[in-house]
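A quick write-up on the structure given underneath.
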Amino acid sequence: MAGSTMNGTSRHQFVGQRLRSRRRRLGMTQQQVAARLAELGVPCTNKTVSTLELGAGLDVAKLPELATVLDCSVTYLLGLSEDPGRWEPDVELRPQAVGDIAEPRILGPLVPSRGQAW
C-alpha cells in the first residue's frame with residue numbers, strides 16, 4: 001500500500017469493498033448492518049451502508065462500530081490484515097525511503113494489553 005492508492009483503488013473504495021465482502025460473508029443485509037449500527041448509537045440507514053460500501057461518506061470515527069457489527073478488526077477493514085480477527089498488521093509498515101513519512105512504521109500493539117495503560 002503506497003500513498004493514497006492500493007493497487008489502483010482508493011483507500012475509501014478498498015474499505016468499502018471490505019465492508020461489502022465481510023457483510024456478504026456473514027450473510028447480512030445492508031438493512032441488518034444499519035439496524036445493528038443504530039443499536040450501537042450510530043444513526044444509519046441501509047442507503048448509508050450502501051454509500052459506505054461504494055467508498056463514499058466513510059467516517060473513520062465509525063470504523064470501530066462497523067468492525068463490531070461485522071465481527072472483524074479495524075485493521076482488517078483497512079486492509080492491513082487478511083485475517084478478520086487479527087488486530088495487528090500482517091507485515092510491519094516501514095517508510096519506503098529515508099525521510100518518506102507516507103507509510104508510518106508500526107512500533108507496538110495497536111491496543112494496550114489487558115491491564116496495561118497507555
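The values are calculated or read from the model by the stated rules, or taken from the named source; none is laboratory data. These numbers come from a predicted model, not from an experiment. We place every Cβ from the backbone using ideal geometry, glycine too, and count neighbours over all the protein chains shown. Heavy atoms of the whole protein, side chains included, go into the accessibility calculation; ligands, DNA and RNA do not. Shrake-Rupley method; radii C 1.70, N 1.55, O 1.52, S 1.80 Å.
Tally time: how many residues in region 11-43 are open to solvent by 30 Å² or more (accessible area, probe 1.4 Å), part of a loop (DSSP other than H, G, I, E, B) and farther than 21 Å from TRP87 by Cβ? Step through it out loud before you land on a result.
Taking region 11-43 first, the residues open to solvent by 30 Å² or more (accessible area, probe 1.4 Å) are 11-14, 17, 20-21, 24-27, 29-32, 35-36, 38-41, 43.
Now drop any that are not part of a loop (DSSP other than H, G, I, E, B), which leaves 26-27, 29, 40-41, 43.
If we keep only those that are farther than 21 Å from TRP87 by Cβ as well, we get 27, 29, 41, 43.
Selection size over region 11-43: 4.
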For this session: Looking only at region 44-57, count how many residues are open to solvent by less than 20 Å² (accessible area, probe 1.4 Å) and small (Gly, Ala, Ser).
Result: 1
Exercise. In region 44-82, what residues are in contact with a Phe, Trp or Tyr (Cβ under 9 Å, 6 or more places away or on another chain), of a type in the set (Gly, Ala, Ser) and assigned to a helix (DSSP H, G or I)?
Worked result: ALA67
Exercise. Within region 64-82, which residues are open to solvent by less than 10 Å² (accessible area, probe 1.4 Å) and within 14 Å of ARG23 (Cα to Cα)?
Worked result: LEU66, ALA67, LEU70, SER73, LEU77
